[in-house]
1. Ignoring ligands and nucleic acids, what accessible area does residue 227 show with a 1.4 Å probe (Å², nearest 10)?
2. Using helices alone, what [θ] at 222 nm do you get for the chain, with -39,500 (n - 2.57) per DSSP H run of 4 or more residues, divided over all residues and rounded to the nearest 500?
3. Within a Cβ distance under 9 Å of residue 76, other residues only, what is the Lys/Arg minus Asp/Glu net charge?
4. With a Förster radius of 22 Å, plug the Cβ-Cβ distance of residue 242 and residue 131 into 1/(1 + (r/R0)^6) and report the FRET value to the nearest 0.05.
5. Could you report the accessible area of residue 148 in Å², rounded to 10, computed with a 1.4 Å probe on the protein chains as they sit in the structure?
6. Sorted by average packing, counted as other Cβ atoms within 10 angstrom per residue and highest first, what order do 120-126, 150-156 take?
7. Compare 223, 133 by solvent-accessible area with a 1.4 Å probe and give them largest first, with all protein chains kept in place.
8. For 11, 90, give the ranking by accessible area with the largest first, probe 1.4 Å.
Amino acid sequence: MTDQFALADASAQFILAGTPLRPKIGLVLGSGLGACADSLADATRVPYSEIPAFPRSTAIGHAGQMVLGKVGDVPVAAMQGRVHQYEGYSAQEVTFPIRVFGRMGIRAVILTNAAGGIDRGYSQGALVLIRDHINLQGTSPLVGTNDDRFGVRFPDMTRAYDRDYRQIAREEAAGLNIPLLEGVYAALLGPSYETPAEIEYLRRIGADLVGMSTVAEVIAARHMEMKVLAISCVTNMAAGILDQPLSHAEVMETGERVKSIFESLLRAILPRLNDLVSRQ
Ligand code: HPA
C-alpha cells in the first residue's frame, strides 16, 4: 500500500514552497463556483497536474488548480474544482486534497457544491447550509487500515458540520440580506442524475438536497479534526420535483448566476472563521 500520509506531506510541502502564505482555511469550490477564487489577492496558482500525487479533475466546469491567496487579510487555499468518485477515483483519491490541506496546516474547510433541491421550499439558485449528511456512495475514504497519524479508527460524526460556523454563516448571510436555508445533503455516486423514485426515497429518509460530492471530503476532514462548513447551491430542483428533465448546462448556468452572491457571503464569513481558527 502506498503511504498516503507521506504523499500528502510531500504535496503539502510542494504547495507551500511556492508562497509565503500559511492559510488556516481551505476552500473547495464546486461546479460553477470556481470563479470565486479568481479574485484572490497575492495569488499563487498551482495546477493539480503539477502537484505530486494529486488527482486531476475531468469534470466539465472544474478548472483543476489550487489557488493560494488572500481574501481581504485572510490567507486561504482554494481548490478550483474537485474530483468525484463518478470519474473513477476511489474515495481515498477523492479526499487526497483534503489530506493535503490537513498537512498544509489547514484547520477549517469550507466546502461548496452544486446540488439538486429535494425540499420543495427551495428554489433554483438558493444557497443552503448543510446541517448534516447521508452517505449513500457505498464507501468511505476511511476504508482500509487506519493511519493513526491522520486520525482515529472510528471518528465521531455527530457534529460533522460545526455549529458555531453555521451560526456565523447565518449571521453574515442575514447581514447581507442573502437568504440562507439549511438542510441535509445526501450524496450518491452519480454520474446519472437520480430518478424521480430515488428522489422520493431520499425525501422520505430525510434528505433535503442531493449531490455527488462533499461527504467523503467531510469524513476525511473530520478524521483529521478539521472543522467543516459546507454550503450547497441549489442549481436545479431534483428529478421529479418539477415536471422537467435535468441538464448539466442548467447546473452550470445557475452556478454562474449565484457566484457573486456566494462570493460576498464567503468574504463575510472568512474573517470570522479565521478569528476562531487562530484562537484554537
Ligand atoms: N442531483 C445530483 N447531483 C447534482 C444535482 C442533482 O440534481 N444537481 C447538481 N448536482
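1. Accessible area, nearest 10 Å²: 60 Å².
2. -10000 deg cm²/dmol
3. Combined, the nearby Lys, Arg, Asp and Glu give +2.
4. 0.40
5. For residue 148, the solvent-accessible surface is approximately 120 Å².
6. 120-126, 150-156
7. Result of the area sort, largest leading: 133, 223.
8. These residues rank, largest area first, as 90, 11.
The values are calculated or read from the model by the stated rules, or taken from the named source; none is laboratory data. None of these values were measured; they are calculated from a predicted model. Cβ sites come from the backbone with ideal geometry, for glycine too, and all protein chains shown count toward neighbours. Accessible surface areas use protein heavy atoms only, side chains included; no ligands, DNA or RNA. Shrake-Rupley method; radii C 1.70, N 1.55, O 1.52, S 1.80 Å.
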